[in-house]
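Read-outs throughout are calculated quantities, based only on the coordinates presented, and are distinct from any laboratory measurement. Given the structure is predicted, the values throughout are model-derived calculations rather than measurements. Here Cβ is always computed from backbone atoms with ideal geometry, including for glycine, and neighbour counts include all displayed protein chains.
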C-alpha cells in the first residue's frame with residue numbers, strides 16, 4: 001500500500017516536472033519558455049522532489065522537536081484550522097477516536113487512524129499548513145508531530161521527535177492496515 005502511494009506520488013511529480021521543465025533546467029520546475037512537454041527531468045530535479053518518508057522512516061531529515069515546541073508551532077500555524085488542542089473545526093479533528101474504527105461511529109484522527117508516525121510526519125511536511133504547504137521547517141514538523149502525538153496520548157510530554165525516535169513510535173492502529181508491498 002505505501003509503496004503504491006509512493007509510486008503514484010513519484011509519477012505525478014515526474015509528470016509535473018516534465019510539464020514544467022525547460023531543456024536547460026536542472027533544479028527548478030519553473031517554466032521559462034513554455035511547458036516543454038516531453039522534456040525528461042534531470043536526476044537532480046527528481047531527487048529534489050523525492051522527499052517521501054516510508055513507514056520505516058528511511059530518509060527522515062535532520063532536525064528535532066519537542067512537545068512544548070510543537071504546542072507553540074501548532075498555536076501559530078495549525079490551530080486556526082484544526083481547533084484548540086486538535087479538537088477540529090473547520091478542518092478535521094486530529095485527536096480522539098482511538099478504538100472507534102470498528103465501532104460504527106469511526107473517528108479518523110491521527111490517534112485512531114494513522115498506522116505510522118513517520119507517514120503522519122510526511123503528510124504534515126508535504127501538505128501543511130494548507131494555506132502554505134511545505135513552509136514548515138523540519139524542526140517545526142518534528143515538533144508539531146510530537147505535539148499531536150502527545151495530545152493523542154501516544155508519546156509522553158517529555159518526548160523529543162527526530163529521525164531516530166519517530167520510527168520507534170507505535171501507533172494504536174499500526175496493525176489496522178495491510179502492507180501488500182511486503183508480500
Checklist outcome for this item: Taking N as the number of residues in segment 77-183, the ratio of its alpha carbon radius of gyration to 2.2 N^0.38 Å works out to 1.05
Item to check | Scaled radius of gyration (Cα, divided by 2.2 N^0.38 Å) that segment 32-130 gives | outcome: 1.41
Next on the checklist: Sort 42, 112, 103 by Cβ crowding within 10 Å, fewest neighbours at the top.
Outcome noted: 103, 42, 112
Checklist entry - In what sequence do 161, 49, 128, 171 fall when counting other Cβ within 10 Å, fewest first? => result 49, 128, 171, 161
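Taking neighbour Cβ counts within 10 Å as the exposure measure, how do 94, 46, 37 sort from fewest upward?
Fewest-to-most Cβ neighbours within 10 Å comes out as 37, 46, 94.
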